[in-house]
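This report refers to the structure that appears directly beneath it.
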């Protein structure tokens, strides 16, 4: 099978079939192009030799034609000299050389026709090679695209495997357990530090703020306790120092906690 037959068979074949074989399509295509380029070089050499033969035949034709003309001139010279025998001999030589020149001319014309055809065939071969190069690039691109698609499909098939997701879920459960352990350790550590005391103070301040807000609301609604009645006229009332009012429960508790904390701090010193 010739080089063009191999190339045509390669181009018409299915790319997936080529990929499934042990042969590498890209290497095969590159090898085919290399072989075609080598044949192109040989074809150029043959065309160059044919052109050289054409030129050689043309020169021989011109040489023999000139020689035939020269013998004809010599025959004329012999006739002018009155030597008919010499003129006949010159004409005989002229005929032989003219026949040889005519043969060279026929061969030269045939060679010129052959060279023209060879030039056309060489151009066609060059065009075929350029077309093959373009098709090679297209086929290689298709091959790489098919390989990429296959790789993606294989990756997707691996992702669809339940074992992968089971592993992810198992790791998630481990992380959740670690987070729970970390939170529990932080809570235990908080209970054994001064943070718990600080929390009690915050709760106390919150309760006190709620009591104050309730008292303000009752005052706004007119539910505050009535003040003492004003003294009647003419009645003398002795003024005494007002008794200390009892602090609300929240303030008293706050003072007790602060006092206890201060006492513990003094004892630690």
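Details
- Screening residue 157 against (1) part of a helix (DSSP H, G or I); (2) modelled with pLDDT under 75; (3) surrounded by 10 or more Cβ atoms within 10 Å (Cβ to Cβ) leaves a single unmet condition, (3).
- Every listed requirement among (1) within 17 Å of residue 35 (Cβ to Cβ); (2) free of Cβ contacts under 8 Å to residues at least 24 places away in the same chain is met by residue 120 save one, (1).
- Residue match in segment 71-79 (condition: touching a residue at least 40 places away in the same chain (Cβ under 8 Å) and surrounded by 12 or more Cβ atoms within 10 Å (Cβ to Cβ)): no
- Checked against the criterion of being surrounded by fewer than 16 Cβ atoms within 10 Å (Cβ to Cβ) and touching a residue at least 12 places away in the same chain (Cβ under 8 Å), the candidates 26, 54 yield just one match: 26.
- Residue that is loosely packed, with under 15 Cβ neighbours inside 10 Å and more than 30 Å from residue 56 (Cβ to Cβ), where the choices are 109, 143, 147, 124: 147
- The condition of being over 30 Å from residue 30 (Cα atoms) and in a helix (DSSP H, G or I) holds for only one of 111, 123, that being 111.
- Selection status of residue 78, closer than 27 Å to residue 110 by Cα and assigned to a helix (DSSP H, G or I): no
This table checks each residue for (1) closer than 27 Å to residue 114 by Cβ; (2) at pLDDT 90 or above.
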| residue | (1), (2) |
| --- | --- |
| 1 | yes, no |
| 13 | no, no |
| 23 | no, no |
| 28 | no, no |
| 67 | yes, yes |
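The values are calculated or read from the model by the stated rules, or taken from the named source; none is laboratory data. Because the structure is a prediction, the values reported are computed rather than measured. As a convention, Cβ positions derive from the backbone with ideal geometry for all residues, glycine included, and neighbour counts pool all protein chains shown.
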